[in-house]
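Peer 1: Supplied in structure tokens, the structure appears directly below.
Derivation of every value follows stated rules applied to the coordinates shown; laboratory data play no part. Just so it is clear, the structure is predicted and the values come from calculations on it, not from any experiment. As a convention, Cβ positions derive from the backbone with ideal geometry for all residues, glycine included, and neighbour counts pool all protein chains shown.
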Amino acid sequence: MTAATIEREIKIEAPIEVVWEVLTNPAHIVNWSAEEATLDLRPGGAGSLNFTEHDHVSPLRVETLDPPNVFSYRWSQPDGEEPTEENSMLVEFILSEDQGVTTLRLIESGFAKNDWSEEKNREYYDDHSNGWDHFVPRLASYAASAHVSAQ
Amino acid sequence: MSARSRSFDEEVWLAVADPSRRSLLELLINGGEATASGLASEVPFSRQAVAKHLAVLERANLVSSRRQGREVLFSVRAPEVDSAAQMLVNVGRAWDTRLQSIKRIAEELHQATIVTELRGDANETETTSSTP
């Protein structure tokens, strides 16, 4: 994994088909995401999330659809542009079920054209202390302390 | 709360997307001002790579540079790093909230289905038992 990523995992006490429905049906999407949602549920299908409170519409494009295991879409591309690997964020939902409990993984990644020419230092990058989820809290705590000292 | 508006800065995301740049940013945060060569001595990539990464960080306004004699010294821009951190934290938090909602909705739907099924079963049992 080379990109800036947000990764989360959550266990849900419901069958995978139910979780899939909540993730992909606009009637449910409006209850966990934007206030208004449309979705053409097929690979390449268009959708939109309208965050009315912020007066902001996020168009999205379905990337992968493999019911009930994989649903991914691209968003956050610049206004008026089609989403591509280089100008958008990829949101991936990966579902699996074990004995009635569904594990839902979320990965949001993007804007990370891999530009390292120096793959030889792989283990350096694999070091989790350098990973995204550790970096963000450290950056935030630095920012907090810098903010305080700047006042 | 979860909108991607002006608060979401692609340049910043791109800048911190790369682990090499994250480590350079942290070196500057922890060690203060440094030259590209100084930084290169602390990371397993070349000075040229360091310079390239610093340029990206500078474009995203997370790092600034100043010339001192023959050297160029790089340092973090605290207010910009502050708002970047805020943005990154918010993106993560927005997902935490959404996932909790997904969990709640799915579990409620499932519970409702079970209740309906139980009622259905109960009705069937009633029907069978009332039929002699």
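Peer 1: For n ≥ 4 DSSP H runs only, could you compute -39500 (n - 2.57) per run for chain B, divide by its residues and tell me the 222 nm figure to the nearest 500?
Peer 2: Value at 222 nm, helices only: -23500 deg cm²/dmol.
Peer 1: Under 19 Å from the 7 Å Cα→Cβ point of A:LEU41, by amide nitrogen: which residues of the stretch A:77-94?
Peer 2: A:91-94
Peer 1: Enter the mean projected area of the convex hull around the alpha-carbon atoms of the stretch A:65-107, in nm², rounded to one decimal.
Peer 2: 3.4 nm²
Peer 1: Using only Cα atoms and rounding to the nearest 10 degrees, what angle (0 to 90) does helix B:47-59 make with the longest principal axis of chain B?
Peer 2: Approximately 70 degrees, to the nearest ten.
Peer 1: Could you identify which residue out of B:VAL89, B:VAL56, B:VAL16 has the top mean-square fluctuation in a GNM of chain B using Cα springs shorter than 10 Å?
Peer 2: In this elastic network of chain B, the residue with the biggest mean-square fluctuation among B:VAL89, B:VAL56, B:VAL16 is B:VAL89.
Peer 1: Run through the stretch A:1-109 and list the GluC sites (Glu not before Pro) located in a DSSP loop whose Cβ has at most 15 other Cβ atoms within 10 Å.
Peer 2: Answer by residue number: A:GLU13, A:GLU35, A:GLU81, A:GLU85, A:GLU86.
Peer 1: Let me ask something additional. If r is the Cβ-Cβ distance from B:SER46 to A:GLU7 and R0 is 22 Å, what FRET efficiency results, to the nearest 0.05?
Peer 2: With a Förster radius of 22 Å, E is 0.15.
Peer 1: Give me the distance between the Cα centres of the stretch A:1-79 and the stretch B:81-103, rounded to whole Å.
Peer 2: Going from one Cα centre to the other spans 16 Å.
Peer 1: What is the calculated FRET efficiency for B:SER101 to A:ALA27, with r their C-beta to C-beta distance and R₀ = 22 Å, to the nearest 0.05?
Peer 2: 0.95
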